[in-house]
1. Select from segment 15-31 the residues that are in a loop (DSSP other than H, G, I, E, B) and closer than 24 Å to E104 by Cα and list them in ascending order.
2. What residue, of V40, V52, V86, is more than 23 Å from T120 (Cβ to Cβ) and in contact (Cβ under 8 Å) with a residue 12 or more places away in the chain?
3. Find all pairs meeting these conditions: Cβ atoms under 6 angstrom apart; at least six residues apart or on different chains; first residue within segment 159-181 and in a helix (DSSP H, G or I); second residue at pLDDT below 95 and crowded, with 21+ Cβ neighbours inside 10 Å.
4. Spot the failing condition for Y173; the list is (1) surrounded by 18 or more Cβ atoms within 10 Å (Cβ to Cβ); (2) touching a Leu at 6+ places or on another chain (Cβ under 7 Å); (3) not aliphatic (A, V, I, L, M), and only one is missed.
5. Residues in segment 89-101: is at least one within 24 Å of I22 (Cα to Cα), assigned to a helix (DSSP H, G or I) and touching a residue at least 40 places away in the same chain (Cβ under 8 Å)?
6. With respect to Q228, determine if the residue is in the same structural domain as V133 (by TED's automatic domain parsing), surrounded by fewer than 24 Cβ atoms within 10 Å (Cβ to Cβ), free of Cβ contacts under 8 Å to residues at least 24 places away in the same chain and part of a loop (DSSP other than H, G, I, E, B).
Amino acid sequence: MNRKGKVYLVGAGPGDPKLLTIKGLEAIQSADVIVYDRLVNPDMIKYAKKEVELIFCGKMANQHTIPQHHINEILVLQAKRGKHVVRLKGGDPCMFGRGGEEAEYCADHQIEFEFIPGITSGISVPMYAGIPVTHRDYSSSVTFITGHRRSETKSLDINWKHLANNVDTLVFYMGLSNLSAICENLIKYGRTPNTAIALIEQGTTNQQRTLSGELETIVEKAAYANIQSPAIIVVGEVVNLREKLAWYEERQLEEMYDYEESHIG
(Lines give C-alpha, C1' and ligand atoms only; values in the text may rest on other atoms or scores of the structure.)
Protein backbone atom coordinates (compact mmCIF):
# COMPACT_ATOMS: atom_id res chain seq x y z
CA MET A 1 0.00 0.00 0.00
CA ASN A 2 1.44 3.36 -1.02
CA ARG A 3 2.02 5.90 1.70
CA LYS A 4 -0.23 8.95 1.55
CA GLY A 5 1.65 12.22 1.17
CA LYS A 6 0.98 15.29 3.25
CA VAL A 7 2.19 18.89 3.48
CA TYR A 8 2.90 20.53 6.82
CA LEU A 9 3.03 24.34 6.75
CA VAL A 10 5.30 24.96 9.73
CA GLY A 11 6.25 28.22 11.41
CA ALA A 12 9.90 28.17 12.45
CA GLY A 13 9.61 31.20 14.71
CA PRO A 14 11.60 34.45 14.62
CA GLY A 15 15.18 33.13 14.69
CA ASP A 16 16.02 31.81 18.14
CA PRO A 17 15.88 28.02 17.58
CA LYS A 18 14.54 27.50 21.10
CA LEU A 19 11.36 29.34 20.09
CA LEU A 20 10.39 26.54 17.69
CA THR A 21 7.21 24.81 18.92
CA ILE A 22 7.22 21.17 19.99
CA LYS A 23 4.76 20.34 17.23
CA GLY A 24 6.98 22.06 14.68
CA LEU A 25 9.97 20.10 15.95
CA GLU A 26 8.07 16.81 15.60
CA ALA A 27 7.15 17.67 12.01
CA ILE A 28 10.77 18.42 11.13
CA GLN A 29 11.95 15.17 12.74
CA SER A 30 9.53 13.06 10.69
CA ALA A 31 9.84 14.95 7.37
CA ASP A 32 10.94 13.28 4.15
CA VAL A 33 11.33 16.64 2.42
CA ILE A 34 11.92 20.09 3.92
CA VAL A 35 11.28 23.16 1.76
CA TYR A 36 12.73 26.08 3.71
CA ASP A 37 13.16 29.84 3.56
CA ARG A 38 16.09 32.23 4.01
CA LEU A 39 14.94 33.39 7.44
CA VAL A 40 14.83 29.89 8.92
CA ASN A 41 17.63 29.29 11.42
CA PRO A 42 19.83 26.52 9.90
CA ASP A 43 20.16 24.94 13.35
CA MET A 44 16.59 23.69 13.00
CA ILE A 45 17.53 21.53 10.03
CA LYS A 46 19.79 19.54 12.35
CA TYR A 47 16.70 17.98 13.89
CA ALA A 48 15.77 16.32 10.58
CA LYS A 49 16.52 12.74 9.53
CA LYS A 50 19.86 12.17 7.79
CA GLU A 51 18.13 11.06 4.60
CA VAL A 52 15.82 14.10 4.42
CA GLU A 53 15.72 15.97 1.11
CA LEU A 54 16.37 19.69 1.58
CA ILE A 55 15.05 22.26 -0.89
CA PHE A 56 16.06 25.88 -0.35
CA CYS A 57 13.62 28.46 -1.67
CA GLY A 58 14.68 31.55 0.23
CA LYS A 59 13.44 34.89 -0.96
CA MET A 60 15.04 38.30 -0.78
CA ALA A 61 13.52 41.54 -1.95
CA ASN A 62 13.17 41.38 -5.75
CA GLN A 63 15.35 38.27 -5.85
CA HIS A 64 13.44 35.01 -5.53
CA THR A 65 15.47 31.81 -5.58
CA ILE A 66 12.37 29.87 -6.65
CA PRO A 67 9.21 31.71 -7.82
CA GLN A 68 6.15 31.19 -5.63
CA HIS A 69 4.21 29.18 -8.20
CA HIS A 70 7.13 26.76 -8.46
CA ILE A 71 7.20 26.39 -4.67
CA ASN A 72 3.51 25.49 -4.76
CA GLU A 73 4.20 22.88 -7.44
CA ILE A 74 7.09 21.38 -5.47
CA LEU A 75 4.89 20.88 -2.41
CA VAL A 76 2.19 19.12 -4.40
CA LEU A 77 4.58 17.02 -6.48
CA GLN A 78 6.47 15.74 -3.44
CA ALA A 79 3.23 14.95 -1.60
CA LYS A 80 1.91 13.04 -4.62
CA ARG A 81 5.04 10.90 -4.36
CA GLY A 82 3.90 9.87 -0.89
CA LYS A 83 6.30 12.16 0.96
CA HIS A 84 5.69 13.98 4.19
CA VAL A 85 6.67 17.52 3.21
CA VAL A 86 7.50 20.26 5.69
CA ARG A 87 7.23 23.77 4.32
CA LEU A 88 9.38 25.52 6.91
CA LYS A 89 8.80 29.26 7.05
CA GLY A 90 10.26 31.98 9.25
CA GLY A 91 7.88 33.26 11.91
CA ASP A 92 4.32 32.05 11.34
CA PRO A 93 3.28 30.58 7.98
CA CYS A 94 0.18 32.77 7.69
CA MET A 95 1.54 36.08 8.97
CA PHE A 96 2.66 37.66 5.68
CA GLY A 97 4.17 34.30 4.83
CA ARG A 98 2.01 33.06 1.92
CA GLY A 99 1.03 30.01 3.90
CA GLY A 100 -2.58 30.59 2.95
CA GLU A 101 -1.72 30.60 -0.76
CA GLU A 102 0.26 27.38 -0.44
CA ALA A 103 -2.55 25.71 1.50
CA GLU A 104 -5.02 26.76 -1.21
CA TYR A 105 -2.84 25.19 -3.88
CA CYS A 106 -2.68 21.95 -1.89
CA ALA A 107 -6.46 21.95 -1.43
CA ASP A 108 -7.00 22.61 -5.15
CA HIS A 109 -4.93 19.49 -5.92
CA GLN A 110 -6.53 17.29 -3.23
CA ILE A 111 -3.38 17.19 -1.12
CA GLU A 112 -3.82 16.84 2.62
CA PHE A 113 -2.16 19.65 4.57
CA GLU A 114 -1.81 20.90 8.11
CA PHE A 115 -0.98 24.30 9.56
CA ILE A 116 1.51 24.32 12.44
CA PRO A 117 1.62 27.87 13.78
CA GLY A 118 4.89 29.56 14.67
CA ILE A 119 5.81 32.44 16.98
CA THR A 120 5.53 35.50 14.79
CA SER A 121 8.31 38.08 14.76
CA GLY A 122 5.88 40.97 15.11
CA ILE A 123 5.34 40.09 18.78
CA SER A 124 8.47 38.17 19.76
CA VAL A 125 11.11 40.48 18.24
CA PRO A 126 9.80 43.58 20.05
CA MET A 127 9.64 41.54 23.26
CA TYR A 128 13.31 40.59 22.88
CA ALA A 129 14.02 44.32 22.51
CA GLY A 130 12.12 45.13 25.70
CA ILE A 131 9.01 46.42 23.91
CA PRO A 132 5.63 44.85 24.76
CA VAL A 133 3.32 45.62 21.84
CA THR A 134 0.38 46.15 24.22
CA HIS A 135 0.31 47.57 27.74
CA ARG A 136 -2.64 48.64 29.88
CA ASP A 137 -1.19 52.12 30.41
CA TYR A 138 0.02 52.82 26.88
CA SER A 139 -1.53 50.63 24.21
CA SER A 140 -4.86 48.84 23.95
CA SER A 141 -4.58 48.17 20.21
CA VAL A 142 -1.93 46.85 17.84
CA THR A 143 -1.91 46.41 14.07
CA PHE A 144 0.49 44.32 12.01
CA ILE A 145 1.28 45.68 8.57
CA THR A 146 3.40 44.48 5.69
CA GLY A 147 5.75 47.27 4.68
CA HIS A 148 6.71 45.50 1.48
CA ARG A 149 5.34 46.48 -1.92
CA ARG A 150 3.76 43.74 -4.02
CA SER A 151 5.84 45.07 -6.93
CA GLU A 152 8.16 47.99 -7.55
CA THR A 153 5.51 49.68 -9.69
CA LYS A 154 3.05 49.94 -6.79
CA SER A 155 3.04 52.06 -3.67
CA LEU A 156 2.30 50.67 -0.22
CA ASP A 157 -1.39 49.74 -0.10
CA ILE A 158 -2.05 51.06 3.40
CA ASN A 159 -4.85 53.05 5.04
CA TRP A 160 -2.52 55.64 6.56
CA LYS A 161 -5.27 57.82 8.00
CA HIS A 162 -6.68 54.91 10.00
CA LEU A 163 -3.29 53.78 11.25
CA ALA A 164 -2.17 57.26 12.22
CA ASN A 165 -5.30 58.07 14.21
CA ASN A 166 -6.93 54.85 15.44
CA VAL A 167 -4.21 52.37 16.45
CA ASP A 168 -1.86 52.69 19.43
CA THR A 169 0.97 50.36 18.33
CA LEU A 170 2.02 49.72 14.75
CA VAL A 171 4.28 46.82 13.80
CA PHE A 172 5.68 46.74 10.27
CA TYR A 173 7.14 43.61 8.73
CA MET A 174 9.57 43.88 5.80
CA GLY A 175 9.38 47.67 5.87
CA LEU A 176 12.97 48.80 6.17
CA SER A 177 13.39 49.66 2.49
CA ASN A 178 10.24 51.82 2.76
CA LEU A 179 11.08 53.39 6.12
CA SER A 180 11.08 56.93 4.74
CA ALA A 181 7.62 56.53 3.17
CA ILE A 182 6.25 54.96 6.36
CA CYS A 183 7.44 57.84 8.54
CA GLU A 184 6.35 60.53 6.08
CA ASN A 185 2.84 59.10 5.72
CA LEU A 186 2.29 58.59 9.43
CA ILE A 187 3.26 62.22 10.10
CA LYS A 188 1.21 63.45 7.15
CA TYR A 189 -1.95 61.74 8.40
CA GLY A 190 -1.74 62.64 12.07
CA ARG A 191 1.07 61.09 14.08
CA THR A 192 3.25 63.65 15.80
CA PRO A 193 6.81 63.91 14.46
CA ASN A 194 8.23 62.98 17.87
CA THR A 195 6.29 59.67 18.04
CA ALA A 196 8.58 56.91 19.32
CA ILE A 197 9.81 54.31 16.82
CA ALA A 198 12.20 51.37 17.04
CA LEU A 199 13.98 49.32 14.40
CA ILE A 200 15.00 45.84 15.50
CA GLU A 201 17.49 44.02 13.27
CA GLN A 202 17.98 40.23 13.39
CA GLY A 203 15.60 39.97 16.33
CA THR A 204 15.91 37.10 18.84
CA THR A 205 19.34 36.11 17.46
CA ASN A 206 22.75 36.92 18.85
CA GLN A 207 23.10 39.53 16.08
CA GLN A 208 20.11 41.52 17.35
CA ARG A 209 20.48 45.30 17.25
CA THR A 210 17.85 47.86 18.22
CA LEU A 211 17.74 51.51 17.20
CA SER A 212 15.21 53.80 18.87
CA GLY A 213 14.23 57.28 17.80
CA GLU A 214 11.40 59.46 16.56
CA LEU A 215 9.46 59.46 13.30
CA GLU A 216 11.07 62.69 12.10
CA THR A 217 14.67 61.58 12.72
CA ILE A 218 14.78 57.77 12.48
CA VAL A 219 15.54 57.59 8.75
CA GLU A 220 18.78 59.52 9.15
CA LYS A 221 19.72 57.58 12.28
CA ALA A 222 19.05 54.24 10.53
CA ALA A 223 21.28 55.19 7.61
CA TYR A 224 24.07 56.22 9.97
CA ALA A 225 23.75 53.00 12.00
CA ASN A 226 23.52 50.92 8.80
CA ILE A 227 20.49 48.98 9.99
CA GLN A 228 19.89 46.01 7.68
CA SER A 229 17.00 43.68 6.98
CA PRO A 230 15.46 41.55 8.28
CA ALA A 231 14.13 44.14 10.69
CA ILE A 232 10.88 44.78 12.51
CA ILE A 233 9.61 48.35 12.87
CA VAL A 234 7.57 49.30 15.94
CA VAL A 235 5.78 52.64 16.27
CA GLY A 236 4.05 53.90 19.38
CA GLU A 237 4.38 54.89 23.00
CA VAL A 238 5.29 51.35 24.08
CA VAL A 239 8.70 51.86 22.46
CA ASN A 240 9.61 54.15 25.38
CA LEU A 241 9.34 51.17 27.74
CA ARG A 242 12.51 49.79 26.19
CA GLU A 243 14.62 52.03 28.42
CA LYS A 244 13.31 50.15 31.45
CA LEU A 245 12.58 46.71 30.00
CA ALA A 246 15.47 45.97 27.62
CA TRP A 247 16.82 42.60 28.70
CA TYR A 248 18.12 40.52 25.83
CA GLU A 249 20.81 42.80 24.44
CA GLU A 250 21.94 43.69 27.97
CA ARG A 251 22.25 39.99 28.76
CA GLN A 252 24.36 39.55 25.62
CA LEU A 253 26.68 42.34 26.76
CA GLU A 254 27.01 40.78 30.20
CA GLU A 255 27.85 37.41 28.66
CA MET A 256 30.41 39.05 26.39
CA TYR A 257 32.09 40.82 29.32
CA ASP A 258 32.09 37.61 31.37
CA TYR A 259 33.73 35.78 28.45
CA GLU A 260 36.39 38.46 27.99
CA GLU A 261 37.19 38.55 31.69
CA SER A 262 37.53 34.76 31.88
CA HIS A 263 39.76 34.56 28.80
CA ILE A 264 41.79 37.77 29.12
CA GLY A 265 42.02 38.26 32.87
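1. Scanning segment 15-31 gives T21, A31.
2. That would be V52, the only listed residue that is more than 23 Å from T120 (Cβ to Cβ) and in contact (Cβ under 8 Å) with a residue 12 or more places away in the chain.
3. Cβ pairs passing all conditions: N178/G147.
4. (2)
5. Checked segment 89-101: at least one residue is within 24 Å of I22 (Cα to Cα), assigned to a helix (DSSP H, G or I) and touching a residue at least 40 places away in the same chain (Cβ under 8 Å).
6. no
Table: residues versus (1) within 21 Å of the chain's Cα centre (by Cα); (2) outside any strand (DSSP E or B); (3) of a type in the set (K, R).
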site	(1), (2), (3)
L156	yes, yes, no
G203	yes, yes, no
A223	no, yes, no
R242	yes, yes, yes
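The values are calculated or read from the model by the stated rules, or taken from the named source; none is laboratory data. Being a predicted model, the structure only gives us computed values, none of them experimental. Note that each Cβ is placed from the backbone with ideal geometry, even for glycine, and that neighbours are counted across all protein chains shown.
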